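K.L.:
Input: one structure, supplied below.
Derivation of every value follows stated rules applied to the coordinates shown; laboratory data play no part. Everything numeric in this text was worked out from a predicted model, so none of it was measured. Backbone-built Cβ (ideal geometry, glycine too); neighbour counts: all protein chains shown.
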């Protein structure tokens, strides 16, 4: 069975590499460090099944990026990853309905894999 294809967006290169290394046996991880690169990845890889975006980035936050990607491409299950507790920002955010879920740092590999599999309807 083919591994799910995930696009992870984060402005910190070390976070991108750590995420890719952590999930390389379970997921096909594509990475982007800017909104422009995220757009390019989705154009070049329409089979991407899940988006995961860091919340705090310099050009735009993760909510804004996911809203933009959904409007320009298609709705894809999308998760926000943050070092802060998600409840701090969820309830008042206008794009919260576009978000499938939230992951908090430090990363819990099993939780992330379970949530991705639920979002795309697989039972791995």
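K.L.:
For the pair residue 122/residue 43, report the inter-label distance in nm, with labels modelled 7 Å from Cα in the Cβ direction.
P.N.:
2.7 nm
K.L.:
Can I ask one more? In what sequence, highest mean first, do 101-111, 70-80 appear when ranked by Cβ atoms within 10 angstrom?
P.N.:
Peptide ranking by packing, descending: 70-80, 101-111.
K.L.:
Please give the FRET efficiency for residue 24 paired with residue 64, using the beta carbon to beta carbon distance and R0 = 35 Å, rounded to the nearest 0.05.
P.N.:
Working from the Cβ atoms, E equals 0.75.
K.L.:
Please compute the Kirkwood hydrodynamic radius of the chain from all pairs of different C-alpha atoms, in Å with one decimal.
P.N.:
Result for the chain, one decimal place: 14.4 Å.
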